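So the structure is just underneath, and the comments pick up after that.
Just so you know, all these numbers are worked out from the coordinates, no wet-lab data involved. Here the structure is a predicted model, which is why all the values come from computation and not from measurement. We place every Cβ from the backbone using ideal geometry, glycine too, and count neighbours over all the protein chains shown.
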Amino acid sequence: MNKRRIALSVDHQLCSGDNQLNSPVILMTGTARAGKTTLGRIMGSCKNVEFFDEPWMLMTLIISAGLSLIDRNLAIGMFKTYFYELINDRILMRAVSFRPTDLSYIGHQKAPEEIKNRMLKLHSRNDVRKYILEKKTVIVLNLTDTTPYLSLLKEIFPDSPIIHVFSPGYCVAKETTLKGWYTDSELKRPTHGQLYRPVSISKSNRNNKRYFHFWVRPGDEQEFLKRSEFARGLYYWRRIIEMSKLPKVSVKNDSKLISFNFYDALNDPKRIRSLLKKMNFKPTQRTQTLFHNLTPPNLNITNSEIKSVSAGDWDSIENLHRQLGISELLSDSVLRR
């Protein structure tokens, strides 16, 4: 099997992606529920910006290659080729949501006239190429949980800025708890299309398996199961940050790696406007509407959730908060008893 995989990577290549569209790309990384989708929608509402939110195949390719589950070169070729297929479908309005209740609803980002013009006047890949060149289109690509594999992203997009979006760990943990992502039932029978590692948790019963996400450290499985759902969410946030080994980088820094505290930005939207200016994005009326609708989250973290987290876990979380420059640690100001 290994010989076959190596032969495939040497004898066959997916190289068309390198010869297709040449549009500037801005990468967005970070954990789930950190604010990337909201920030991306604001960016996508700016003039001549297209926002792609969590393309499943692209995220899975990066993580799989990062874990050495598939050949790195093959993954890069698949990524580039599929990515440019997505761009064609987006510009041609083949793969967009027209449901107003969806977060990805295209009407939140693009004006009716633009949508109509694309649908009536653009018909082919050649039309897309001309459109992108004329508009100088910028692509914003949200790739959740890929931050641990920045080296691979930089290999694919060596000239692209990377915006690492984060919020305090307890915010992410509360959101994952509300989503029910790390319940016992999910660990027994996963319903999300993510990479899992099956582990038999009982030596006497080989069929007694649980499915752990790629970010659960081998050897931590039993301790992970003992945690509450809220504590599992904190563990998730902590592991992605730890695996990423991210330095603290200011938004004002000229580095291509930009660290952006979205939780703080909700309380001070000027930070988002500053980021848009740094990216040379031109806001539209839809951008202003999205700004107007921004509201800080009402976390409603309960005392029982707080008490379910061990002192050691809290110490690890608050240490990472300090490293990331998160000034507000968990306190009465974020609790709603």
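Structure notes:
- Coordinate range of the alpha-carbon atoms in the range 172-320 per principal axis, descending: 62, 32, 32 Å.
- Computed [θ] at 222 nm, deg cm²/dmol, the chain (DSSP H ≥ 4; -39,500 (n - 2.57); rounded to nearest 500): -13500 deg cm²/dmol
- A straight chain from Ser97 to Asp159 at 0.36 nm per residue would run longer than the Cα-Cα distance by 19.3 nm.
- Cα-Cα over 23 Å, subset of Lys80/Lys130; Lys80/Lys154; Lys36/Lys179; Lys174/Lys307; Lys47/Lys277; Lys209/Lys245: Lys209/Lys245
- Cα-based shape type of the range 22-143, given that a ≥ b ≥ c are square roots of the gyration tensor eigenvalues and the cut on a/c is 1.5: oblate
- Extending 7 Å from Cα along the Cβ direction at Tyr211 and again at Leu120 yields two label points whose distance is 4.7 nm.
- Karplus-derived 3J(HN,Hα), 6.51/-1.76/1.60, for each residue of the range 258-267, Hz, glycine and proline x: 10, 9, 10, 7, 6, 4, 5, 5, 5, 8
- Taking only alpha carbon atoms, the chain gives an Rg to Rh ratio of 0.98, where Rh is the Kirkwood radius.
- DSSP beta bridges confined to the chain are antiparallel in about 20 percent of cases.
- Considering only Ala265, Ala95, Ala34, the Gaussian network model of the chain with Cα springs below 10 Å gives its largest mean-square fluctuation to Ala95.
- Cβ-to-Cβ counts within 10 Å put Leu187, Leu69, Leu266 in ascending order as Leu69, Leu266, Leu187, the fewest first.
- Our summary gives the chain a relative contact order of 24 percent, counting only alpha carbon pairs under 8 angstrom and 6 or more residues apart.
- Order of Arg72, Arg227, Arg210 - criterion: other Cβ atoms within 10 Å of each residue's Cβ, fewest first: Arg72, Arg227, Arg210
- Sorting Met279, Met28 by the number of Cβ atoms found within 10 Å of their own Cβ, with the fewest placed first, yields Met279, Met28.
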